[in-house]
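In what follows, a single structure is set out as structure tokens and then discussed.
The values are calculated or read from the model by the stated rules, or taken from the named source; none is laboratory data. These numbers were taken from a predicted model, which means no experiment stands behind them. Reconstructed Cβ throughout: ideal geometry from the backbone, glycine too, with neighbour counts over all protein chains shown.
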Amino acid sequence: MTKIHKATCHCGAVELAVQFPDGIADVIRCDCSICRRKNARVVATAVENVTVVKGADKLTLYQFHTHVAKHYFCSICGIYTHHQRRVNPNQYSVNLGCIDALNP
């Protein structure tokens, strides 16, 4: 059984339930223009492995350039929680800094 990780923004308004079937592996820093600036370390997982438990109405969507990637932020505290990837829209990259039990 795959462990379910709790991921939250800073203020706690947004909460995700995230599964990484292969464990937290292949941590990356995306080199697109926005990810370089936010400097977040992320791990990818299939879209179906990420569930917004609370705060869907608090998530703000930001898109740029090709408008394929979808970057999600808490509209209250501004923390980037996850994004749907341009190179693989079937995956989300989750900000490791938002996973409560993990110190990246």
Looking at the stretch 31-56, which of its residues are assigned to a loop (DSSP other than H, G, I, E, B) and under 24 Å from Lys3 (Cβ atoms)? Ala40, Arg41, Gly55
I want to confirm something. Restricting to the stretch 31-42 and keeping residues that are within 16 Å of Val87 (Cβ to Cβ) and within 12 Å of the chain's Cα centre (by Cα), which single residue is modelled with the lowest pLDDT? Cys35
Evaluate the stretch 30-43: report whether one residue or more is acidic (Asp, Glu), surrounded by fewer than 15 Cβ atoms within 10 Å (Cβ to Cβ), under 27 Å from His65 (Cα atoms) and touching a residue at least 12 places away in the same chain (Cβ under 8 Å). no
For the stretch 57-82, which positions are closer than 26 Å to Thr2 by Cα and in contact with a Lys or Arg (Cβ under 6 Å, 6 or more places away or on another chain)? Tyr80
Is it the case that some residue within the stretch 56-79 is surrounded by 15 or more Cβ atoms within 10 Å (Cβ to Cβ), touching a strand residue (DSSP E or B) at 6+ places or on another chain (Cβ under 8 Å) and either of a type in the set (Phe, Trp, Tyr) or without any contact (Cβ under 8 Å) to a residue 12 or more places away in the chain (or both)? yes
